[in-house]
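Beneath this line is the structure, given in C-alpha cells, with notes to follow.
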Amino acid sequence: MWIEFDKVGKQYDKNIVIEGLDWAVGENEIWQVTGPSGCGKTTFLRLLMGLEKPTKGSIIRNKDVKFSAVFQENRLCEHLDTIQNLKLVCPDCTYEKLLEEALKLLPKEESLFLPTKELSGGMKRRVAVLRAMLADSDIVIFDEPFTGLDKENIEAVNQYICEHRNGRTFIFVSHQEPLVMRERIIVQTLELG
C-alpha cells in the first residue's frame, strides 16, 4: 500500500468533517469518492495529499509516492501561457512535446500563447487537466475535473485521461462519470458522509 488511513478524523473547531476513516490505496487503482455536498470529500483529498493533517488517527504513507492534482479551482499561474504552465510540471519535456500534448485538448494553437488569465473557463480547466496528467506522478487526484466543460469537451478530456493513465492510480470526486470508469477496470468506491 502507498497510503493507509487508520481511524482518521478531521474537524475544524467543533465541526467534525471526517470521523474514524480506515482506508488504503495502492498502485494501479481507480477510486470514486462519493457523498453528499459538505461531507468532507475535498478535505479527504487534502489529507491524502498531505496538505492537511488529521486531528485524530494517523496516515501512513510511502515517502516516495508522488501526486498530481486537478483541484476544484484551476490553480494556474495566470500570467503564464499554457506551454509555460505545463513546463512548470514537466521541466524536462521539450517545447515540441508540450505543444503536441496541448493541441490534443486545446486545438487552437494561438490560444496556447496567451496568458491563461485570457482563456475561457473551459480552456483553463483543460490546461489544469493537462498539467496534472503530464506531471510525473503515481497518484492523480481529480476534484471535479469536468467543471465548466461542455459535453464535447468532457468527452475529449475523458478520452485524454484514459489514454494517458499509464498504470497510475486515479482518485475521482466528480458528478460526471469519468470514462475510465466505463472501461474494464475495477473501480472501488469510498462513500463519505
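The values are calculated or read from the model by the stated rules, or taken from the named source; none is laboratory data. Remember, predicted model here, so these are calculated numbers, not experimental data. Backbone-built Cβ (ideal geometry, glycine too); neighbour counts: all protein chains shown. These accessible areas exclude ligands, DNA and RNA; they are computed on the full protein's heavy atoms, side chains included. Shrake-Rupley method; radii C 1.70, N 1.55, O 1.52, S 1.80 Å.
Which GluC sites (Glu not before Pro) in segment 36-137 pass both tests, a DSSP loop state and at most 12 other beta-carbon atoms within 10 Å?
Working: sites: Glu52, Glu73, Glu78, Glu96, Glu100, Glu101, Glu109, Glu110, Glu118; in loops: Glu52, Glu73, Glu78.
Listed in order of number, the matching sites are Glu73.
One quarter of the convex hull surface built on the alpha carbon atoms of segment 115-169 amounts to 3.9 nm², the projected area averaged over directions. The Cα-based radius of gyration of segment 32-184, divided by its Kirkwood radius, gives an Rg/Rh of 0.96.
Here the chain exposes an accessible surface that is 49 percent carbon and sulfur, computed with a 1.4 Å probe and the other protein chains kept in place. Ligands, DNA and RNA are left out, and with a 1.4 angstrom probe the accessible area of segment 1-122 is 56 Å² per residue. Each other residue within a Cβ distance under 15 Å of Asn153 adds +1 if Lys or Arg and -1 if Asp or Glu, for a net charge of +2.
Counting only lysines at least 8 places from Lys7 when in the same chain, those with an alpha carbon closer than 17 Å to its own are Lys41, Lys53, Lys56.
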